[in-house]
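A short write-up of the structure that comes next.
The values are calculated or read from the model by the stated rules, or taken from the named source; none is laboratory data. Worth saying up front: this structure is predicted, and the values here are computed from it rather than measured. All Cβ positions, even for glycine, are placed from backbone atoms using ideal geometry, and neighbour counts span all protein chains on display.
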Amino acid sequence: MTSLQHVSTISAPLPAPSRQPFALALSILLTAGLTGYLFNAQDSHASLVLLLGAALGITLYHASFGFTTAWRTFITTGRGKAIRAQMLMLAVAVCLFFPALSAGELFGQPVNGFVRPLSVSVLFGAFIFGIGMQIGNGCASGNLYHAGGGQLRAIPSMIGFAAGALWATRDYEWWTTQPSLAPVGLIDMMGVVPAIILNLLVFAAIAGLTRHLEKRRHGELERDDNGSDQPWSRRLLSGPWPFIWGAVALAVLNFATLALIGRPWAVALGYPLWGAKAAEAMNLGLDVDFWGYWLMPGRDTALMGGILEDSASLMNIGVILGALMAATLAGRFSLSWKMPVLQWLAAIIGGLMLGYGATIAFGCNIGAYFGGIASGSLHGWLWLVAAFAGSFVGTWLRPLFGFSRT
(Lines give C-alpha, C1' and ligand atoms only; values in the text may rest on other atoms or scores of the structure.)
Protein backbone atom coordinates (compact mmCIF):
# COMPACT_ATOMS: atom_id res chain seq x y z
CA MET A 1 0.00 0.00 0.00
CA THR A 2 1.63 3.25 -1.02
CA SER A 3 1.09 6.91 -0.39
CA LEU A 4 -0.58 7.11 -3.77
CA GLN A 5 -3.28 4.89 -2.29
CA HIS A 6 -4.50 7.75 -0.16
CA VAL A 7 -5.99 9.08 -3.37
CA SER A 8 -8.13 5.94 -3.50
CA THR A 9 -9.39 6.07 0.08
CA ILE A 10 -11.99 8.76 0.72
CA SER A 11 -14.81 9.15 3.14
CA ALA A 12 -16.99 11.54 1.15
CA PRO A 13 -19.85 10.12 -0.96
CA LEU A 14 -18.54 8.63 -4.17
CA PRO A 15 -19.48 9.77 -7.65
CA ALA A 16 -21.82 7.38 -9.42
CA PRO A 17 -20.18 4.90 -11.78
CA SER A 18 -22.13 6.44 -14.68
CA ARG A 19 -20.00 9.57 -14.35
CA GLN A 20 -17.33 7.82 -16.44
CA PRO A 21 -19.31 5.67 -18.89
CA PHE A 22 -16.77 5.97 -21.72
CA ALA A 23 -13.81 4.95 -19.56
CA LEU A 24 -15.82 2.09 -18.04
CA ALA A 25 -16.86 0.84 -21.46
CA LEU A 26 -13.27 1.04 -22.66
CA SER A 27 -11.98 -0.94 -19.67
CA ILE A 28 -14.59 -3.64 -20.25
CA LEU A 29 -13.85 -3.77 -23.97
CA LEU A 30 -10.09 -4.05 -23.37
CA THR A 31 -10.54 -6.87 -20.87
CA ALA A 32 -13.12 -8.70 -22.98
CA GLY A 33 -11.09 -8.22 -26.15
CA LEU A 34 -7.88 -9.60 -24.67
CA THR A 35 -9.79 -12.44 -23.02
CA GLY A 36 -11.32 -13.38 -26.37
CA TYR A 37 -7.97 -13.14 -28.14
CA LEU A 38 -6.33 -15.44 -25.60
CA PHE A 39 -9.19 -17.92 -25.88
CA ASN A 40 -8.78 -18.10 -29.66
CA ALA A 41 -4.97 -17.89 -29.82
CA GLN A 42 -4.25 -20.18 -26.86
CA ASP A 43 -7.01 -21.74 -24.77
CA SER A 44 -9.56 -21.09 -22.06
CA HIS A 45 -6.88 -21.53 -19.38
CA ALA A 46 -5.02 -18.39 -20.52
CA SER A 47 -8.29 -16.45 -20.55
CA LEU A 48 -9.10 -17.55 -17.01
CA VAL A 49 -5.62 -16.54 -15.81
CA LEU A 50 -6.16 -13.04 -17.19
CA LEU A 51 -9.62 -12.76 -15.61
CA LEU A 52 -8.28 -13.97 -12.28
CA GLY A 53 -5.65 -11.24 -12.44
CA ALA A 54 -8.42 -8.73 -13.19
CA ALA A 55 -10.34 -9.87 -10.11
CA LEU A 56 -7.19 -9.31 -8.04
CA GLY A 57 -6.81 -5.85 -9.56
CA ILE A 58 -10.39 -4.93 -8.64
CA THR A 59 -9.83 -6.16 -5.10
CA LEU A 60 -6.53 -4.32 -4.64
CA TYR A 61 -7.97 -1.07 -5.95
CA HIS A 62 -11.30 -1.10 -4.13
CA ALA A 63 -9.74 -2.14 -0.81
CA SER A 64 -6.64 0.05 -1.27
CA PHE A 65 -4.92 -3.06 0.05
CA GLY A 66 -1.18 -3.12 0.09
CA PHE A 67 1.97 -3.26 2.14
CA THR A 68 4.11 -0.16 1.65
CA THR A 69 1.94 2.40 3.41
CA ALA A 70 0.63 -0.21 5.86
CA TRP A 71 4.14 -0.85 7.16
CA ARG A 72 5.21 2.80 7.01
CA THR A 73 2.10 3.93 8.87
CA PHE A 74 2.79 1.47 11.65
CA ILE A 75 6.44 2.51 11.80
CA THR A 76 5.70 6.24 11.97
CA THR A 77 2.33 6.50 13.72
CA GLY A 78 1.73 3.14 15.40
CA ARG A 79 -1.55 2.62 13.54
CA GLY A 80 -1.86 -1.07 12.73
CA LYS A 81 -5.28 -1.81 11.22
CA ALA A 82 -3.73 -2.56 7.81
CA ILE A 83 -1.23 -4.98 9.35
CA ARG A 84 -4.08 -6.70 11.20
CA ALA A 85 -5.84 -7.04 7.85
CA GLN A 86 -2.72 -8.73 6.48
CA MET A 87 -2.79 -11.19 9.38
CA LEU A 88 -6.43 -11.98 8.59
CA MET A 89 -5.51 -12.52 4.94
CA LEU A 90 -2.74 -14.91 5.91
CA ALA A 91 -4.99 -16.74 8.40
CA VAL A 92 -7.62 -17.42 5.73
CA ALA A 93 -4.90 -18.40 3.26
CA VAL A 94 -3.20 -21.01 5.44
CA CYS A 95 -6.55 -22.61 6.26
CA LEU A 96 -7.19 -22.98 2.54
CA PHE A 97 -3.67 -23.75 1.32
CA PHE A 98 -2.27 -26.20 3.84
CA PRO A 99 -4.76 -29.07 3.27
CA ALA A 100 -4.45 -28.72 -0.52
CA LEU A 101 -0.65 -28.56 -0.46
CA SER A 102 -0.52 -31.58 1.84
CA ALA A 103 -2.71 -33.54 -0.57
CA GLY A 104 -0.57 -32.41 -3.51
CA GLU A 105 -3.55 -31.66 -5.72
CA LEU A 106 -6.58 -29.42 -5.91
CA PHE A 107 -9.59 -30.27 -8.10
CA GLY A 108 -7.36 -32.66 -10.05
CA GLN A 109 -4.63 -30.05 -10.57
CA PRO A 110 -1.18 -30.90 -9.11
CA VAL A 111 -0.22 -28.09 -6.75
CA ASN A 112 3.06 -26.99 -5.18
CA GLY A 113 3.81 -24.21 -2.74
CA PHE A 114 6.74 -21.84 -2.55
CA VAL A 115 9.13 -23.54 -0.11
CA ARG A 116 12.54 -21.93 -0.51
CA PRO A 117 15.92 -21.97 1.29
CA LEU A 118 16.67 -19.74 4.27
CA SER A 119 19.49 -17.92 2.54
CA VAL A 120 21.62 -14.81 2.53
CA SER A 121 19.95 -13.92 -0.76
CA VAL A 122 16.54 -13.84 0.96
CA LEU A 123 17.88 -11.63 3.76
CA PHE A 124 19.65 -9.18 1.48
CA GLY A 125 17.05 -9.22 -1.28
CA ALA A 126 14.11 -8.65 1.06
CA PHE A 127 16.00 -5.93 2.93
CA ILE A 128 16.70 -3.87 -0.19
CA PHE A 129 13.17 -4.59 -1.39
CA GLY A 130 11.90 -3.02 1.84
CA ILE A 131 14.00 0.08 1.22
CA GLY A 132 12.93 0.25 -2.41
CA MET A 133 9.21 0.01 -1.68
CA GLN A 134 9.42 3.02 0.64
CA ILE A 135 11.54 5.35 -1.49
CA GLY A 136 9.88 4.14 -4.70
CA ASN A 137 6.46 4.60 -3.10
CA GLY A 138 5.09 1.20 -4.02
CA CYS A 139 5.62 -2.54 -4.32
CA ALA A 140 5.17 -4.95 -7.21
CA SER A 141 1.38 -5.34 -7.03
CA GLY A 142 0.86 -1.77 -5.84
CA ASN A 143 2.53 -0.31 -8.92
CA LEU A 144 0.38 -2.47 -11.17
CA TYR A 145 -2.94 -1.38 -9.75
CA HIS A 146 -1.88 2.25 -9.39
CA ALA A 147 -0.98 2.27 -13.08
CA GLY A 148 -4.36 0.72 -13.91
CA GLY A 149 -6.09 3.37 -11.82
CA GLY A 150 -4.46 6.14 -13.85
CA GLN A 151 -1.47 6.86 -11.61
CA LEU A 152 1.08 6.87 -14.43
CA ARG A 153 3.69 7.93 -11.89
CA ALA A 154 3.97 4.22 -11.08
CA ILE A 155 5.42 3.48 -14.53
CA PRO A 156 9.02 4.65 -13.80
CA SER A 157 9.08 2.33 -10.82
CA MET A 158 7.80 -0.54 -12.97
CA ILE A 159 10.51 0.15 -15.55
CA GLY A 160 13.11 0.19 -12.80
CA PHE A 161 11.64 -3.03 -11.41
CA ALA A 162 12.02 -4.81 -14.75
CA ALA A 163 15.59 -3.51 -15.17
CA GLY A 164 16.57 -4.48 -11.63
CA ALA A 165 15.02 -7.92 -12.04
CA LEU A 166 16.96 -8.49 -15.28
CA TRP A 167 20.16 -7.36 -13.56
CA ALA A 168 19.49 -9.88 -10.78
CA THR A 169 19.13 -12.73 -13.27
CA ARG A 170 22.69 -11.94 -14.39
CA ASP A 171 23.91 -12.36 -10.80
CA TYR A 172 21.52 -15.15 -9.83
CA GLU A 173 24.05 -18.01 -10.00
CA TRP A 174 26.42 -16.13 -7.67
CA TRP A 175 23.66 -15.63 -5.11
CA THR A 176 22.91 -19.35 -5.13
CA THR A 177 26.47 -20.01 -3.94
CA GLN A 178 26.08 -17.85 -0.84
CA PRO A 179 25.38 -19.39 2.60
CA SER A 180 21.93 -20.88 3.05
CA LEU A 181 19.99 -23.38 5.10
CA ALA A 182 17.77 -26.04 3.60
CA PRO A 183 14.12 -25.12 2.97
CA VAL A 184 11.84 -25.69 5.95
CA GLY A 185 8.22 -26.55 5.22
CA LEU A 186 5.96 -26.58 8.26
CA ILE A 187 3.33 -28.76 6.58
CA ASP A 188 5.76 -31.66 6.08
CA MET A 189 7.51 -31.07 9.39
CA MET A 190 4.46 -30.77 11.64
CA GLY A 191 1.42 -31.97 9.74
CA VAL A 192 -1.49 -29.90 8.47
CA VAL A 193 -3.48 -29.24 11.65
CA PRO A 194 -0.53 -28.40 13.96
CA ALA A 195 0.97 -26.17 11.26
CA ILE A 196 -2.31 -24.29 10.84
CA ILE A 197 -2.70 -23.86 14.61
CA LEU A 198 0.87 -22.59 14.99
CA ASN A 199 0.44 -20.07 12.19
CA LEU A 200 -2.89 -18.85 13.53
CA LEU A 201 -1.33 -18.31 16.94
CA VAL A 202 1.50 -16.27 15.41
CA PHE A 203 -0.94 -14.18 13.35
CA ALA A 204 -3.03 -13.55 16.46
CA ALA A 205 0.07 -12.56 18.42
CA ILE A 206 1.15 -10.06 15.77
CA ALA A 207 -2.37 -8.61 15.54
CA GLY A 208 -2.55 -8.42 19.33
CA LEU A 209 0.80 -6.64 19.51
CA THR A 210 -0.31 -4.02 16.98
CA ARG A 211 -3.52 -3.47 18.97
CA HIS A 212 -1.57 -3.05 22.21
CA LEU A 213 0.92 -0.60 20.71
CA GLU A 214 -1.78 1.39 18.94
CA LYS A 215 -3.92 1.70 22.08
CA ARG A 216 -0.92 2.68 24.17
CA ARG A 217 0.01 5.43 21.71
CA HIS A 218 -3.44 6.70 20.68
CA GLY A 219 -5.77 5.50 23.42
CA GLU A 220 -8.05 3.71 20.96
CA LEU A 221 -7.99 1.68 17.76
CA GLU A 222 -8.53 3.24 14.36
CA ARG A 223 -11.82 2.11 12.87
CA ASP A 224 -12.04 0.47 9.46
CA ASP A 225 -15.04 2.48 8.29
CA ASN A 226 -13.95 2.77 4.68
CA GLY A 227 -17.10 3.77 2.80
CA SER A 228 -19.37 2.76 5.67
CA ASP A 229 -21.89 5.44 4.74
CA GLN A 230 -22.62 3.64 1.46
CA PRO A 231 -24.97 0.65 0.93
CA TRP A 232 -23.01 -2.62 0.83
CA SER A 233 -24.12 -3.33 -2.75
CA ARG A 234 -22.81 0.05 -3.86
CA ARG A 235 -19.56 -0.47 -1.98
CA LEU A 236 -19.09 -3.89 -3.56
CA LEU A 237 -19.38 -2.44 -7.04
CA SER A 238 -17.79 0.97 -6.63
CA GLY A 239 -15.75 0.76 -3.43
CA PRO A 240 -14.12 1.64 -1.20
CA TRP A 241 -14.04 -1.73 0.54
CA PRO A 242 -13.23 -2.29 4.21
CA PHE A 243 -9.85 -3.95 4.72
CA ILE A 244 -11.56 -7.13 5.91
CA TRP A 245 -13.26 -7.54 2.52
CA GLY A 246 -9.95 -7.11 0.75
CA ALA A 247 -8.14 -9.50 3.10
CA VAL A 248 -10.62 -12.34 2.59
CA ALA A 249 -10.95 -11.73 -1.16
CA LEU A 250 -7.18 -11.77 -1.72
CA ALA A 251 -6.80 -15.02 0.23
CA VAL A 252 -9.60 -16.70 -1.73
CA LEU A 253 -8.30 -15.41 -5.08
CA ASN A 254 -4.79 -16.60 -4.25
CA PHE A 255 -6.29 -20.02 -3.51
CA ALA A 256 -8.04 -19.86 -6.90
CA THR A 257 -4.62 -19.12 -8.43
CA LEU A 258 -3.25 -22.25 -6.78
CA ALA A 259 -6.11 -24.27 -8.27
CA LEU A 260 -5.76 -22.76 -11.73
CA ILE A 261 -1.99 -22.52 -12.16
CA GLY A 262 -0.74 -25.05 -9.62
CA ARG A 263 1.23 -22.51 -7.58
CA PRO A 264 0.48 -19.43 -5.45
CA TRP A 265 0.11 -15.93 -6.88
CA ALA A 266 3.49 -14.45 -7.88
CA VAL A 267 3.78 -10.90 -9.20
CA ALA A 268 7.58 -10.54 -9.35
CA LEU A 269 8.00 -13.58 -11.66
CA GLY A 270 6.76 -11.51 -14.58
CA TYR A 271 9.25 -8.65 -14.26
CA PRO A 272 12.51 -10.45 -15.19
CA LEU A 273 10.82 -11.65 -18.38
CA TRP A 274 9.65 -8.13 -19.18
CA GLY A 275 13.20 -6.87 -18.67
CA ALA A 276 14.64 -9.63 -20.88
CA LYS A 277 12.12 -8.99 -23.65
CA ALA A 278 12.83 -5.24 -23.51
CA ALA A 279 16.58 -5.86 -23.71
CA GLU A 280 16.01 -8.11 -26.72
CA ALA A 281 13.78 -5.53 -28.42
CA MET A 282 16.42 -2.82 -27.90
CA ASN A 283 19.19 -5.10 -29.27
CA LEU A 284 21.36 -4.63 -26.20
CA GLY A 285 23.30 -7.81 -26.94
CA LEU A 286 23.10 -9.18 -23.42
CA ASP A 287 22.80 -12.88 -24.39
CA VAL A 288 20.48 -13.54 -21.48
CA ASP A 289 19.79 -17.02 -22.88
CA PHE A 290 23.09 -18.18 -21.35
CA TRP A 291 22.55 -16.74 -17.87
CA GLY A 292 21.95 -19.42 -15.26
CA TYR A 293 18.58 -18.03 -14.21
CA TRP A 294 17.17 -18.55 -17.70
CA LEU A 295 18.55 -22.08 -18.05
CA MET A 296 16.29 -23.35 -15.26
CA PRO A 297 13.26 -25.48 -16.29
CA GLY A 298 10.24 -23.32 -17.03
CA ARG A 299 12.19 -20.09 -17.29
CA ASP A 300 13.85 -21.16 -20.53
CA THR A 301 10.40 -21.85 -21.97
CA ALA A 302 9.12 -18.47 -20.80
CA LEU A 303 12.08 -16.70 -22.39
CA MET A 304 11.48 -18.38 -25.73
CA GLY A 305 7.75 -17.68 -25.66
CA GLY A 306 5.78 -14.46 -25.74
CA ILE A 307 4.65 -12.27 -22.87
CA LEU A 308 1.05 -13.44 -23.32
CA GLU A 309 2.15 -17.06 -22.98
CA ASP A 310 3.54 -16.45 -19.48
CA SER A 311 1.03 -16.91 -16.67
CA ALA A 312 2.73 -14.45 -14.29
CA SER A 313 2.73 -11.76 -16.98
CA LEU A 314 -0.89 -12.48 -17.86
CA MET A 315 -1.95 -12.07 -14.24
CA ASN A 316 0.01 -8.82 -13.96
CA ILE A 317 -1.70 -7.47 -17.06
CA GLY A 318 -5.00 -8.63 -15.59
CA VAL A 319 -4.31 -6.68 -12.38
CA ILE A 320 -3.81 -3.50 -14.43
CA LEU A 321 -7.03 -4.08 -16.38
CA GLY A 322 -8.97 -4.94 -13.22
CA ALA A 323 -7.75 -1.78 -11.49
CA LEU A 324 -8.76 0.24 -14.55
CA MET A 325 -12.22 -1.27 -14.40
CA ALA A 326 -12.48 -0.66 -10.65
CA ALA A 327 -11.38 2.97 -10.99
CA THR A 328 -13.97 3.64 -13.67
CA LEU A 329 -16.68 1.84 -11.69
CA ALA A 330 -15.82 4.12 -8.76
CA GLY A 331 -15.89 7.19 -11.00
CA ARG A 332 -12.35 7.99 -9.86
CA PHE A 333 -10.23 7.23 -12.92
CA SER A 334 -7.96 10.10 -13.90
CA LEU A 335 -4.54 10.22 -15.51
CA SER A 336 -1.90 11.60 -13.17
CA TRP A 337 1.67 12.04 -14.34
CA LYS A 338 3.14 15.13 -12.69
CA MET A 339 5.79 14.46 -10.08
CA PRO A 340 8.87 16.40 -8.85
CA VAL A 341 12.19 15.42 -10.40
CA LEU A 342 13.50 13.99 -7.13
CA GLN A 343 10.48 11.72 -6.88
CA TRP A 344 11.05 10.52 -10.44
CA LEU A 345 14.56 9.62 -9.39
CA ALA A 346 13.22 7.88 -6.28
CA ALA A 347 10.78 5.86 -8.39
CA ILE A 348 13.53 4.60 -10.67
CA ILE A 349 16.01 3.84 -7.87
CA GLY A 350 13.29 2.25 -5.77
CA GLY A 351 12.17 0.19 -8.75
CA LEU A 352 15.70 -1.10 -9.35
CA MET A 353 15.92 -2.17 -5.71
CA LEU A 354 12.50 -3.81 -5.87
CA GLY A 355 13.36 -5.81 -8.97
CA TYR A 356 16.81 -6.90 -7.87
CA GLY A 357 15.68 -7.70 -4.34
CA ALA A 358 12.59 -9.65 -5.33
CA THR A 359 14.44 -11.78 -7.87
CA ILE A 360 17.21 -12.94 -5.54
CA ALA A 361 14.82 -13.31 -2.55
CA PHE A 362 12.49 -15.74 -4.38
CA GLY A 363 9.72 -13.17 -4.69
CA CYS A 364 8.19 -9.94 -3.47
CA ASN A 365 5.57 -9.17 -0.83
CA ILE A 366 3.14 -11.34 -2.82
CA GLY A 367 5.24 -14.34 -3.89
CA ALA A 368 7.66 -14.55 -0.96
CA TYR A 369 5.71 -13.05 1.97
CA PHE A 370 2.09 -13.92 1.12
CA GLY A 371 2.84 -17.00 -1.00
CA GLY A 372 5.69 -18.23 1.18
CA ILE A 373 3.77 -18.09 4.44
CA ALA A 374 0.66 -19.53 2.77
CA SER A 375 2.90 -22.40 1.62
CA GLY A 376 4.13 -23.06 5.16
CA SER A 377 7.69 -22.04 4.29
CA LEU A 378 9.88 -20.39 6.93
CA HIS A 379 11.55 -18.32 4.23
CA GLY A 380 8.33 -16.29 4.05
CA TRP A 381 8.82 -15.24 7.68
CA LEU A 382 12.52 -14.51 7.09
CA TRP A 383 11.50 -12.34 4.13
CA LEU A 384 8.97 -10.47 6.29
CA VAL A 385 11.52 -9.65 9.01
CA ALA A 386 14.18 -8.50 6.52
CA ALA A 387 11.75 -6.45 4.40
CA PHE A 388 10.23 -4.79 7.47
CA ALA A 389 13.74 -3.83 8.61
CA GLY A 390 14.38 -2.42 5.15
CA SER A 391 11.17 -0.42 5.42
CA PHE A 392 12.53 1.27 8.55
CA VAL A 393 15.58 2.41 6.56
CA GLY A 394 13.50 3.37 3.53
CA THR A 395 11.09 5.39 5.66
CA TRP A 396 14.03 7.33 7.13
CA LEU A 397 15.39 7.99 3.61
CA ARG A 398 12.12 9.29 2.13
CA PRO A 399 12.67 12.99 2.95
CA LEU A 400 15.84 12.92 0.82
CA PHE A 401 13.54 12.51 -2.19
CA GLY A 402 10.92 15.02 -1.14
CA PHE A 403 8.51 12.59 0.54
CA SER A 404 7.18 12.82 4.05
CA ARG A 405 7.96 9.95 6.40
CA THR A 406 4.29 9.25 7.07
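Annotations
- If you check 55, 32, 85 for being among the aliphatic types (A, V, I, L, M), at pLDDT 95 or above, surrounded by fewer than 23 Cβ atoms within 10 Å (Cβ to Cβ) and within 19 Å of the chain's Cα centre (by Cα), only one passes: 55.
- Selected residue [among the hydrophobic types (A, V, I, L, M, F, W, C), surrounded by 19 or more Cβ atoms within 10 Å (Cβ to Cβ) and at pLDDT below 95] from 258, 329: 329
- In the set 102, 141, only one residue is modelled with pLDDT under 95 and of a type in the set (Ser, Thr, Tyr); that residue is 141.
- In the stretch 144-161, residue modelled with the highest pLDDT [restricted to those that are assigned to a helix (DSSP H, G or I) and surrounded by fewer than 24 Cβ atoms within 10 Å (Cβ to Cβ)]: 159
- Inclusion of residue 18 among residues that are modelled with pLDDT under 95, among the hydroxyl-bearing types (Ser, Thr, Tyr) and more than 30 Å from residue 86 (Cα to Cα) is warranted.
- Total residues in the stretch 368-406, condition among the aliphatic types (A, V, I, L, M) and either more than 16 Å from the chain's Cα centre (by Cα) or surrounded by fewer than 20 Cβ atoms within 10 Å (Cβ to Cβ) (or both): 8
- Some residue of the stretch 77-84 being part of a helix (DSSP H, G or I) and in contact with a strand residue (DSSP E or B) (Cβ under 6 Å, 6 or more places away or on another chain): no
- Residues considered: 70, 93. Of these, the only one that is modelled with pLDDT of 95 or more, surrounded by 23 or more Cβ atoms within 10 Å (Cβ to Cβ) and not in a loop (DSSP other than H, G, I, E, B) is 93.
- Residue in the stretch 51-60 that is in contact (Cβ under 8 Å) with a residue 12 or more places away in the chain, closer than 26 Å to residue 263 by Cα and among the hydroxyl-bearing types (Ser, Thr, Tyr) present: yes
- Residue check, residue 187 modelled with pLDDT of 95 or more and over 14 Å from residue 363 (Cβ atoms): yes
- Selected residue (only one of 265, 294 is within 26 Å of residue 45 (Cα to Cα), in contact (Cβ under 8 Å) with a residue 40 or more places away in the chain and over 22 Å from the mean Cα position of the chain (by Cα)): 294
- Helices (runs of 4 or more DSSP H) enclosed by the stretch 291-406 - at least 3 residues per element that are under 30 Å from residue 232 (Cβ atoms) and among the aliphatic types (A, V, I, L, M): 311-329
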